[in-house]
Amino acid sequence: MKLKLAALALGAVMAAGPAMADLVFPSLSYRTGPYAPGGIPFADGYADYFTLLNERDGGIGGEKIQMPECETAYNTEKGVECYESTKGSGALVYQPLSTGITYQLIPKVAADGIPMLTSGLGRTSAKNGAVFPWVFNFPANYWDGASIAIKHMLDLNGGDISDKKIALVYHNSAYGKEPIRTLEELATKHGYELTLLPVDHPGQEQKSQWLQIRREKPDYVIMYGWGVMNQVAIQEAANIRFPMENFIGIWWSGSENDVVPVGEGAHGYKAVAFHNVGDDYPLYDDLKAYVFDKGLAAGAGDQHGSVVYNRGVYAAMLVAEAAKAAQEIHGTAAITPVMMRDGMENLEMTEEKMTALGLPKFGPEFKVSCENHGGNGYGAIAQWDATAGEWSLITDYFQSDQEVLAPLVEEDSAAYAAENGIEPGC
Amino acid sequence: MFYREAGDFKTSYTEDNQTFPIKFDRYRYYAVLVFAFAVVPFVINDYWVNAVFLPFLIYAIAAIGLNILVGYCGQVSLGTGGFMAVGAYAVYKLMTAFPDVSMFIHVILAGVITAGVGVLFGLPSLRIKGFYLAVATLAAQFFLVWLFNRVPWFYNYSASGQISSPERTVLGVPITGAETAPWAAYLFCLVFVTLSALVARNLTRGMAGRKWMAIRDMDIAAEIIGVNPLKAKLTAFAVSSFFVGISGALFFSVYLGAVEVGEAFGINKSFLVLFMVIIGGLGSIFGSFAGAAFLVLLPVLLKNALVGGMGWPTDLAAHLEFIIVGGLIIIFLIAEPHGLAQLWRVTKEKLRLWPFPH
């Protein structure tokens, strides 16, 4: 039986292999399971941007783009299966959108020589390109997010939060645990009191955590949640009448899907952002003309302009720009994953470039280098307006506390290098 | 025509009692072994190893382990995920503490540690039975996952709480880590599967297995004829946990390379392995393989057929996959409540008479 199944599977894989000539950007998406509310808009945005490039520009540098999609359901075993099934097709870069899958792929991509981009997720210390040559996490990472949230609190309190209590509600996984070290370090620096409240996968059950918040009355709550966990947390916060403007989520906890179900109660909820919101950009005119109106939109086509959809577009745009950079460096349109890595390492995003791409004032400026794979750690605070039904940035982009973060990145990447026998070098 | 005893004379008890007494069956078994050991390693690639063979082999070990407990000894357990986690964390601690020791020894030791933990959580089985025991083992599942999340010593104080396996070798060949050759990982797991199946098969038809089955069929009667329930139940827990621990160790170190306890070893894993045992056939080693193949390979096959072959949207295919696998489980269990192993037995009986059934 197993042999028969295996033979059938082989046949199917053979049939599925795309042609080698195109630029292949696999999408390890998740449109099912408890994390689908975040996975669907991202996958749609990622696909639509590449469709736009194919339709409008005929691909990148004249090479058509292929985008095989593979469903991971945010599950690491399926993630591995997806990676293995797509890597042979000439995949240029992976963006798994799951910290668990990222951890698994970090050693694999290094061995296979395929770059990986984990914008705002994944292993934070991958910022140190000397240790992680194949992994990139520009423009911002988890520790930047935590630091930006704390800085925002400092701004609100005139630079002193030493008498404040802050609670971290986090997804009890590698993702949610990432900011703990940073928040602890920042606590010693700024003197606030930190409470940790883990929420287990998938996060539908949070009564006890919010009961504790009600009892301890922290001044601020920071949330690192994803999928259904976000909606539940915001609903629970509304139920105990926690002041929403003191409730700050990371960028993965700040989309329409998270706040709309709570209705009026979510008014004033804040989230950290590393890119702008809304659909008031010239790029959307192109998307409408070349993708939406032609009926080529991915998925159900109902996510356009939402926060995570924009993030998908942004993610696709960053790797498309990196591919252009790679084509320029190597003087060939048909780039390989190794060339793609060079492109990513020499990527520079400036305001002029973003304006030319139709996304003015959309994301922070940054420049990638061999030592710094993570950008400069700029972020802003977005706030939800329940009456208008939209997110808006209420601050400018400001930088995270690099003084605290840089040594942490150094320390963690050095530990990884020692554990795996990597010789750091640029 | 096939599977006939006719002309197959046995002249000693050993021959008569062998696992495959029928010549045709025996040769088929040898052929499978030769194919698995001598052909597959040469043709295998990364995709086949990581998407098909490793999960199949590793889940087969877990299913064999659970089958000993549930199928042979009749003690329902929902703690498989937790025990796999024990194996994974044990091997992680061992491989980081003693980097120079062969992985082979680490995996075995991880199994031994899990056996100890299994015995500990098997103690309630002396007083409670059936569904109540299931609830007690469910507590083990949640407790163990909580423990590995809570105590940083288990994950060597890493910032994210993830454990990831560094490169370790057997006889100088890397078995874990990203540089592992597909054939090495495959052969390493295959050796464990073969050994597990052999040991399990021989345990279950020896004195230990007979005691387990006596306890399963009627514990009071078993006690009266002289089976010590304490020893029988605890050995079943120990042996079962040993195999489950090995599978957990391989699952983490060879297959995934990095795990997070809540996601990889949650309650879903316990149910998955239990379903493998039930669908494959309780009290059958072959059933463990069949169940693992059914639940591991079928989704991959369906995904490849629907998305790769027909180009359907991935979410539609993922949902259809649930429906088809779920439907097939129901159909199989209605058609044959004793699982795929019983279907196989019936097929063999039919083939024996074919083409002259009367």
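The values are calculated or read from the model by the stated rules, or taken from the named source; none is laboratory data. Here the structure is a predicted model, which means the values were calculated and not measured. Using ideal geometry, Cβ is built from the backbone for each residue, glycine included, and neighbour counts are taken over all protein chains shown.
Across region A:33-74, which residue is farthest from the other protein chains (Cβ to nearest Cβ) among those that are under 16 Å from A:Pro96 (Cα atoms) and among the hydrophobic types (A, V, I, L, M, F, W, C)?
My answer is A:Phe42.
Does B:Val296 satisfy the condition of being at pLDDT below 95, part of a helix (DSSP H, G or I), hydrophobic (A, V, I, L, M, F, W, C) and within 17 Å of B:Ala62 (Cα to Cα)?
So B:Val296 passes the test.
Every residue, every condition in (1) surrounded by fewer than 24 Cβ atoms within 10 Å (Cβ to Cβ); (2) within 15 Å of the chain's Cα centre (by Cα); (3) farther than 24 Å from B:Phe237 by Cα, yes or no:
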| position | (1), (2), (3) |
| --- | --- |
| B:Asn45 | yes, no, yes |
| B:Phe83 | no, yes, no |
| B:Gly87 | no, yes, no |
| B:Thr96 | yes, no, yes |
| B:Asp100 | yes, no, yes |
| B:Phe104 | yes, no, no |
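Rundown of residues vs (1) closer than 27 Å to A:Gly38 by Cβ; (2) aliphatic (A, V, I, L, M); (3) buried (at least 17 other Cβ atoms within 10 Å of the Cβ); (4) at the interface with chain A (Cβ under 10 Å from one of its Cβ atoms), yes/no style:
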{"residue": "B:Leu297", "(1), (2), (3), (4)": "no, yes, yes, yes"}
{"residue": "B:Val300", "(1), (2), (3), (4)": "yes, yes, yes, yes"}
{"residue": "B:Val307", "(1), (2), (3), (4)": "yes, yes, yes, yes"}
{"residue": "B:Thr314", "(1), (2), (3), (4)": "yes, no, yes, yes"}
{"residue": "B:Leu320", "(1), (2), (3), (4)": "yes, yes, no, no"}
{"residue": "B:Leu340", "(1), (2), (3), (4)": "no, yes, yes, yes"}
{"residue": "B:Thr347", "(1), (2), (3), (4)": "no, no, no, no"}
{"residue": "B:Phe356", "(1), (2), (3), (4)": "no, no, no, no"}
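(1) hydroxyl-bearing (Ser, Thr, Tyr); (2) under 22 Å from B:Met218 (Cβ atoms); (3) out of contact with any Gly (no Cβ under 6 Å at 6 or more places or on another chain): which one isn't true of B:Tyr89, the others all being true?
Single failed check for B:Tyr89: (2).
For the structure I just gave you, tell me whether B:Gly74 is within 27 Å of B:Lys211 (Cα to Cα) and either surrounded by 24 or more Cβ atoms within 10 Å (Cβ to Cβ) or at pLDDT 95 or above (or both).
no
B:Ile329 passes all but one of (1) loosely packed, with under 15 Cβ neighbours inside 10 Å; (2) farther than 22 Å from A:Ser29 by Cβ; which number fails?
Against the list (1) loosely packed, with under 15 Cβ neighbours inside 10 Å; (2) farther than 22 Å from A:Ser29 by Cβ, B:Ile329 comes up short only on (1).
I'd like the full set of residues that are more than 14 Å from every other protein chain (Cβ to nearest Cβ) and β-branched (Val, Ile, Thr), limited to region B:176-192.
Result: B:Val191, single match.
Scan region B:235-279 for residues that are among the small types (Gly, Ala, Ser) and either under 11 Å from the mean Cα position of the chain (by Cα) or facing chain A (nearest Cβ under 10 Å) (or both) and jot them down.
Across region B:235-279, the qualifying residues are B:Ser240, B:Ser241, B:Gly245, B:Ser247, B:Gly248, B:Gly257, B:Ala258, B:Gly262, B:Ala264, B:Gly266.
Just to be sure I understand the filter: pairs with C-beta atoms under 6 Å, separated by 6 or more residues or on different chains, first member in region B:1-20 and among the hydrophobic types (A, V, I, L, M, F, W, C), second member assigned to a loop (DSSP other than H, G, I, E, B) and surrounded by 12 or more Cβ atoms within 10 Å (Cβ to Cβ). Which pairs pass?
Note: pairs meeting the criteria are B:Met1/B:Trp354.
Report yes if some residue within region A:135-158 is facing chain B (nearest Cβ under 10 Å), part of a helix (DSSP H, G or I) and farther than 26 Å from A:Leu23 by Cα; otherwise report no.
yes
Does B:Phe53 satisfy the criteria of being of a type in the set (Phe, Trp, Tyr) and free of Cβ contacts under 8 Å to residues at least 60 places away in the same chain?
No, not satisfied.
Considering only region B:148-175, state which residues are away from chain A (no Cβ under 12 Å) and under 17 Å from B:Tyr89 (Cβ atoms).
Across region B:148-175, the qualifying residues are B:Val151, B:Trp153, B:Phe154.
Name, by its number, the condition in (1) in contact (Cβ under 8 Å) with a residue 40 or more places away in the chain; (2) within 12 Å of chain B (Cβ to nearest Cβ); (3) crowded, with 24+ Cβ neighbours inside 10 Å that does not hold for A:Gly113.
All conditions are met except number (3).
From the list B:Ile64, B:Ile128, B:Ile113, B:Ile108, which one is away from chain A (no Cβ under 14 Å) and not in a helix (DSSP H, G or I)?
B:Ile128
Hey, could you check region A:199-225 for residues that are among the acidic types (Asp, Glu) and more than 27 Å from the chain's Cα centre (by Cα) and say which is nearest to A:Leu154 (Cα to Cα)?
That would be A:Asp219.
Within region A:311-341, which residues are assigned to a helix (DSSP H, G or I), surrounded by fewer than 17 Cβ atoms within 10 Å (Cβ to Cβ) and without any contact (Cβ under 8 Å) to a residue 40 or more places away in the chain?
A:Glu328, A:Ile329, A:His330
Residues of region B:326-338 being away from chain A (no Cβ under 13 Å) and part of a helix (DSSP H, G or I), which ones?
B:Gly326, B:Gly327, B:Ile329, B:Ile330, B:Ile331, B:Leu333, B:Ile334, B:Ala335
Restricting attention to region A:351-410, which residues are touching a strand residue (DSSP E or B) at 6+ places or on another chain (Cβ under 6 Å) and hydrophobic (A, V, I, L, M, F, W, C)?
Passing the criteria: A:Phe366, A:Ala380, A:Ile381, A:Ala382, A:Trp384, A:Trp391, A:Leu393, A:Ile394, A:Val409.
Whether any residue in region A:289-310 is surrounded by fewer than 24 Cβ atoms within 10 Å (Cβ to Cβ), polar (S, T, N, Q) and in a helix (DSSP H, G or I) is what I want to check.
Looking for residues that are surrounded by fewer than 24 Cβ atoms within 10 Å (Cβ to Cβ), polar (S, T, N, Q) and in a helix (DSSP H, G or I), one finds none in region A:289-310, hence no.
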